1. Treating the angle as unsigned and between 0 and 90°, give the value, to the nearest 10°, between the Cα long axis of helix 479-490 and the longest Cα principal axis of the chain.
2. For the range 104-252, restrict the atom set to alpha-carbon positions and state the Rg and Dmax in Å.
3. Beyond a 21 Å Cα-Cα separation, which of these cross-linked pairs lie in this structure: K226/K295; K457/K706; K45/K517; K546/K675?
4. Sort 532-540, 355-363, 131-139 by packing, meaning the average of other beta carbons within 10 Å per residue, with the highest value first.
5. What is the extension gain from S433 to A138, computed as 0.36 nm multiplied by their sequence separation minus the C-alpha to C-alpha distance, in nm to one decimal?
6. Taking 0.36 nm per residue of sequence separation and subtracting the Cα-Cα distance, how much length would be gained by fully extending the chain between K459 and K402, in nm to one decimal?
7. Keeping all protein chains in place, calculate the accessible area per residue for the range 259-341 (probe 1.4 angstrom), answer in Å².
8. Please report the accessible area of E606 (heavy atoms, 1.4 Å probe, ligands and nucleic acids excluded) in Å², nearest 10.
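The values are calculated or read from the model by the stated rules, or taken from the named source; none is laboratory data. It should be emphasised that the depicted structure is a prediction, and the values quoted were computed from it without experimental measurement. Quick reminder, even Gly has a Cβ in these numbers, built from the backbone with ideal geometry, and neighbours come from all protein chains shown. Side chains included, ligands, DNA and RNA excluded: accessible areas come from the protein's heavy atoms. Shrake-Rupley method; radii C 1.70, N 1.55, O 1.52, S 1.80 Å.
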Amino acid sequence: MKIRLTAVLMLLAVVIGGEGSVFGLTVSIITDQPPGLGAQHGLRKIMQALDKKGITIEHTGSLENASGRIKVVTGVASSGGVATALLKEHRIELPDSPEALVISRLKEGSTDILLISGTDDRGLMYAELDVADRVGWAQDDDMPFGRVRNIMEQPDAPERALATYTMHREYVESFLYDEEYWARYLDMLAENRFNSFVFILGYSPATWLAPSYPYFFDVEGFPQIKFEDLTKQQQRRNLNALNRIIDMTHERGMNFTLGIWDHLPRHNSEYKLPVGIDEDNVISYTEAALSKLLKVVPELDALQFRMHWESGLSRDEQVLLDFWGGVFETIKNSDRDIGVYLRAKGLPDSVIQKAVDSGIRFRITTKYWAEQLGMPFHPGHINRRNQHDRRHQYADLLKYPKEYEMHWKVWNGGTAKFLLWGDPEYVRTFTESTHLYGGQGFEIKPMLATKMAMHPKEKPFDLMGKPYQYYDYEFERYWHFLQVFGRVSYNPQTSSEIWQEQFKRRFGDKAGPYVQKAVHRASEVLPRIIAYAMTQFPTMSGFPEKQSGGRLEQYAKTRPSDIQTFLGMDEAAGFLLEGKESPKTWPQQTSKWFEQTSADILRLAEEAERRIGDDRNKEFDSTMVDMRILAYLALYHGQRIPAGINYLLYEQTGDMAALNRAIRHESKAIDAYEKIVESAGDVYADDLMMGRSAPPHWRDELAMLKGWLKELKKLQKEKQTGKAKHKTTAPPNPPHPPNPADADAPGLKHKAITSAKPNRPLT
C-alpha cells in the first residue's frame, strides 16, 4: 500500500489557514515521520473532530517548534522519532504484538503532551481513532482531550473480518459505485477495529455471478465467455469500482479479501448469467481468468474460495480433473503474496494436501455454528442432519502436526437478519473460543447480508418505511452490532464507556442506559432460539426473527442445533414418561428462561420510554419496536415449548389433559405472537425479502398460526365427543419438569493441563 501524505498536509493547511479558534486554543500535532495510510486516516479524524470545536491546529515535526498549548505526538513506536523518544523517556513499553497501541497523557514542565503510538501503522490508527472519538465526547470545547484516557491495548483475535455478499445485481449496483457509501461503511469498520473486509462475489451457481470474472473483464482466448448485457465500458466501470473499494479499504488500515464462490452455472437460475462457460472449458478459463485478476486487481490481499458442489463443480472436476491444483499453481506462479481461504464444507483431504504441497499461504474456514448465530461456544455436538462433508464446525480438521490454520466463520446471516443486535458478553465468550487450535480469527456477516437474496425479479425494498428512517444508509442502523463485535474481539476488556457514551449521545443521559440494557438483554433471544430448536437450518430458509416454527406437531419435533447441550422437546416428553433424567438443558428450563428474558426486556423498554422525554427521536422509536418484537418473540417460544411437550405427551398417551394443556399454551403463544404484529405495525416492509423464507411478514405468519390452532381445537372437540380415533394408553402420572434448583451451575475445580507429549496418554 502506498503512503499518501499529501492529502493530510492539504487538510492541515486548510485547518491552519482558517479563522482560528473561538477560544484561542491551538493544538500542535507533531508527526515526525510520514504516516502510513491507516495513520493518515486516524489523523484526519482527529483534525476533523478538533475542527468541529473551532480549535486551531498547528502541524510540525518537532516538540521544540510546537507553540500550541496542547501538543499531540503521533508515531509508530519503532519510527525512531519523537514518539519513540517519549516512549523511552517515560519508560512506556508497548506489548510485543502487531496492532498494539498506547495513549498516554504526559507532562513535561508546564507542557501537556498527548502521546499516541502503536507498534505499527494499524495500531497507531486505532489509537488515533479512539482519541478522535473521545474528542467528540468532550463537553468543554476548551478541553478537547478531557475525556481521553491512558490506554494500552493489544488484539485478542488476530483477524477480525466482516464479509458482505452480492446477492442481487440491482441492489449491489445501487451502492457499488457510491464512494460516500463506502467511505461511511469502511469508516465504521475501521473505527471498530475490524482489520479485514471480505467482498464475496456470488453465493451459489444459481445466482448472477457464476462465474464473477466476466463482470469485470474479458479473458484473452475465451471471447465467448461474457455477460451479454455488459459493454466494455460497463466492465471497466465495475473493475474501477472494485479497485477503488480496495484502495479505500487500505486507506483505513484494513486488508481486502475477494470471495470467488461460483465457478460454473450448473443450476437453473432466474438471473442473467454469463454465457459460454461449460464443463469443457471451466478449468482452463478459471486459470486464465484468475491469472488476469491478479494483474488487473494489483492491491488484492487475499482470495476466498468455495470448494464444493455448490460452486458448480462436480467432485470429479474438483479431484480427478484437478481443478484446485490448477488454481493453487496459478496463485503460486503469480509472484504475489496472496492469502487463500478454503471453505471447509465438502473439502477433500486430497485438496488440502495439494494446498499444503503447493506452498500457498492458506487457512481453512468453517462455519462456527450451523448457518446461524448460535451460542458463543463451539457446539458440543451438531444436529445429526448436518454432520456430513465437514459442513459445519471443525469436524475432523483439528489434526496434528498442524499444517494449516483454522478460521471461524460466524454465519449470522441466517439468524440476525435485520433486528437490532449487540451483546458484549456474547462476543467476549465467543472471542475466547476462537483460539481453539490456535485459531487466528473470525469472520462475521453484516446485518441485512441476505437482503434481496432469492428474489431476482423484484426491486430492492426499503427495510423501513420513509416516516421511520433516520439514516442515510441502512447499515448505519447497526452501529452497535459492529461496535461490540469489532471492539470486544480486539480487546475483551474494552471499557463499556465506549458504547455507554454512544447510547447517551443518541438517547440522552436518562434513557440511554436503559436502551443499552434492553438491547443487550434482547440480543440473547435469537441465539437461544437457534440453540434449543432450529426449525429451519439453511440460510435462505431460516428466518427466526419472524418464523413461528410451523404447526405445533412439527415444532415439537424440531431438534436442537447443539444436541449435546440441549434436550429436544421429543426427548423431554419421552424422558418424562419413562421417569428418566438428563444433564442437558431441558426445554422446560429454556421456557422459563424465555419468559424471564421477555419480562426483563419489556421492563427495560418501559423504563426507557418513561425517561426519554425531549430526547425522543426516530432511532429511539424504532429501537423500542425491535425490543418489543424480540421480547414477545421470547414469550412466544416460552409458551410454545410447553405446548409442544404436552402435544407430544398427548400423541404418546392419548391423555386429554395433555391435549388441553397443549391448546392452552398454544393460545398464549399466539397471543404473544399477535403482540409482535402489533409492535411491528407498519414500521417494516410488507415483504422482508431475505431468502426464500415465507410468509413475507409477521401478520401473514400469525394468520397461519391461528388456522393451525383452529385445527387443534377441532381435534379437541372431536375427542371430547368421542368421534376422534385415539390411543387408549393409560395416562402417566402428571409429569414433573426439572427442579429449578438444578438449573444452577455446579461448582468446578480444575487443574489445567499445560503441556503434553504427542502420542502419549494424558494423565
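1. Orientation of helix 479-490: about 70 degrees from the principal axis.
2. 21.6, 74
3. In this structure, K457/K706; K45/K517 exceed 21 Å between Cα atoms.
4. On the way: 532-540: 21.8, 355-363: 16.8, 131-139: 18.7.
Packing order, densest peptide first, comes out as 532-540, 131-139, 355-363.
5. So the extension gain works out to 102.6 nm.
6. Numbers: separation 57, 0.36 × 57 = 20.52 nm, distance 4.79 nm.
Going from the current span to full extension adds 15.7 nm.
7. Values: 3470 Å² over 83 residues.
Spelled out: the 1.4 Å probe surface of the range 259-341, per residue, equals 42 Å².
8. So the heavy atoms of E606 present about 130 Å² to solvent.
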